[in-house]
1. Taking just the alpha carbons, could you work out the radius of gyration and Dmax for segment 418-508, both in angstroms?
2. Beyond 30 Å, what percent of the Cα pairs of segment 242-407 remain?
3. Whole-Hz Karplus ³J(HN,Hα) for segment 484-500, in order, using 6.51 cos²θ - 1.76 cosθ + 1.60 and θ = phi - 60°, x for Gly and Pro?
4. Just for the chain, what percent of DSSP beta bridges are antiparallel, to the closest 5?
5. Compute the Rg/Rh shape ratio of segment 515-594: radius of gyration over Kirkwood radius, all on alpha-carbon atoms.
6. Roughly how compact is segment 87-190, stated as its Cα Rg over 2.2 N^0.38 Å to two decimals?
7. From the gyration tensor of the Cα coordinates in segment 319-455, what semi-axes in whole Å does the equivalent ellipsoid have, largest first, with each one equal to sqrt(5λ)?
8. Counting only Cα atoms, I'd like the Rg/Rh figure for segment 137-229, Kirkwood definition for Rh.
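Any read-out appearing in this document is the output of simple, stated calculations on the displayed coordinates, not a laboratory observation. Quick caveat, the model's predicted, so the values are computed rather than measured. Methodologically, a virtual Cβ is constructed for each residue, glycine included, from the backbone with ideal geometry; neighbour enumeration extends over all protein chains shown.
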Amino acid sequence: MIKGAALPVLLVSACLLSVRTTTAQCGTTVYDTGGPGGNYANNQDLSWTYCAPPGQVITLNFTQFSIELNYDFLTIHDGPGTSSPILAGYTGTGAIPPITSTGSCLTLWFTSDFSGTLPGWTANITCSTPPPVPGGCTYMLSLFDSYGDGWGSSNVGVSINGGPNTFYTVGTISNQVPITLNTGDVVVLTYNNSGPFQGENSYTFGLPGYGPFFDSGTPPGAGISFTQTVACTPPPTPPQDCSGGITICGSQAINNNSTNTGNMFDLNATNRGCLQGGERQGTWYYFSPSASGTVAFTIQPTANVDYDFAIWGPMSTVTCPPTAPPVRCSWAYPPNVLGYPGAGAFLTGMRTTSVDPSEADGPLWAVDGFTSALNVIAGQVYIMYIDNFDNTGQAFNLGWSLTNGASLDCTVLPVGEVALNARPNGSDVVVEWTTNFERGSERFTIERSSDGVVFQAVGMEMANGNTEALSAYTFLDKNAPLGVDYYRIRSTGSNGAEQYSPIVSVLMTRGAEPVLAPNPVANGATLFMHAPTAGTIELRTIDASGRTVHRHMIAMEEGAQQVPLEWPGLDAGAYILLLLDPRGGTLARTPFVRE
């Protein structure tokens, strides 16, 4: 909640409550959900986005920070959402240095476990015009200590153009060091591992807002770790993030040895399936059958380490992160596999002789690491994640077994994840979308539907072609009909490959936004709104933690509506009334207070 500001809008998904605002919040003080004098709650999965006016950057100055060490976590993202690059992550109690955005927004993502809470945080928001960057661009060296007790004598040395090293270290949880470089400079990073507890240390080096060129992983290797001639161009999305996945071509063998988890949190309680440890040291892959049949494979680590995997699909296009549990998943623990400690106990994969779609970690000798094979149809798209649970950085080899005519397609999809939004603007609809990379993209077709099933093209925008940077697009639909309108984006590549964005909806009323009165609410209230067409909508009430506390379906007639509402037994506090379309899309949000 923002002290001294209007109640912000809450955006809700299945597992995440995002608190967003469209206006500047400069000069305000922000807190966790416990406010200035209380503790936050258990079982929270929340995000807040704070934005400065256009042309300015936003800074969070933390004056107090205390969350449960190694059980509750706060990450700060450089942008308008939790998919934006991570600037820092914190757990425990201590001082946090000021955090400044590279663009106009910062997003905080907080998760708490089922027991134990603390006072949380207090932070002051300031906005300022960024100073001009002399001589090229500013890189960010970000250093982390997962336990929060500092690196001791360990440090990272930075040398520019052969000059002496400047050394940087961590005193508590993290340290961010901006380093201004000129195009053509040669920068060299060297790591000193003389300090204790190397398994707690890691660091990254890259362009803010675009992710790192280098990620040390844990523990970092000693000596010279990174060398680059500076070009001030964004790095590609790493394959350790879903949106940077590697397209598998044919039945080629795969070899990899990832040392980190990338820049984004792609796995969560909704989509991780059996991967109870979340992301460890993993790599993402895409594959698409060019001929139907049966797909199986075997993963063989080069040393006896615990590898796990999950596969999501089928889908019409790569959607990152996955929105549902995997269709195949193995979490088998090698000591519980017959034959341990032999190398065979460390094999995992899919095979035609297995029957279970998911492998748990045990019990003893009840698992073998293999799931059933996958029957696939040509044209379907699958996402695969392979990770090293032991965090050793050891490599693996993957060999395919394609039977019954199956083969894999080499087509690379034209764009990364498409984030789509549609909003009314008077009598028009503004359709906005972003892509996190484009590889051979040609055009975007904007499609509209009245039922969310049958779509028609209403416009087209040319794509950027090839870029690893975030790209933003806007289209104005000046012919949107009254009622609920659904939109999606069809992306077309220069090779003819196509993919579709998720579907979003917007309510076009040509009238005032819904109003709830009286507000604050003592007992009951009335919802005043204009329905452009007849139909059924859901009214859903959520509390400040995102929990649904009341649901009601209503049949609307066309025209002015007065809907009486009551919330028996509802506690005093702040709530949001959501109006949802038949597909579950949010049409309108009305905040209210129960006295």
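1. Taking only Cα atoms of segment 418-508, I get Rg and Dmax of 12.9, 38 Å.
2. Details: 1210 of 13695 pairs.
Result: 9 percent of Cα pairs exceed 30 Å.
3. Whole-Hz 3J(HN,Hα) from phi for segment 484-500: 8, 10, 9, 10, 8, 10, 9, 9, 10, x, 5, 8, x, 5, 10, 8, 10.
4. On the way: 178 of 190 bridges.
Antiparallel bridges make up about 95 percent of those DSSP assigns within the chain.
5. Values: Rg = 12.2 Å, Rh = 12.9 Å.
Here Rg/Rh amounts to 0.94.
6. Details: Rg = 16.7 Å, N = 104, 2.2 N^0.38 = 12.8 Å.
Ratio of Cα Rg to 2.2 N^0.38 Å: 1.30.
7. Values: eigenvalues 333, 61, 51 Å².
Result for segment 319-455: semi-axes of 41, 17, 16 Å.
8. On the way: Rg = 12.5 Å, Rh = 13.2 Å.
Computed over Cα atoms, the ratio is 0.95.
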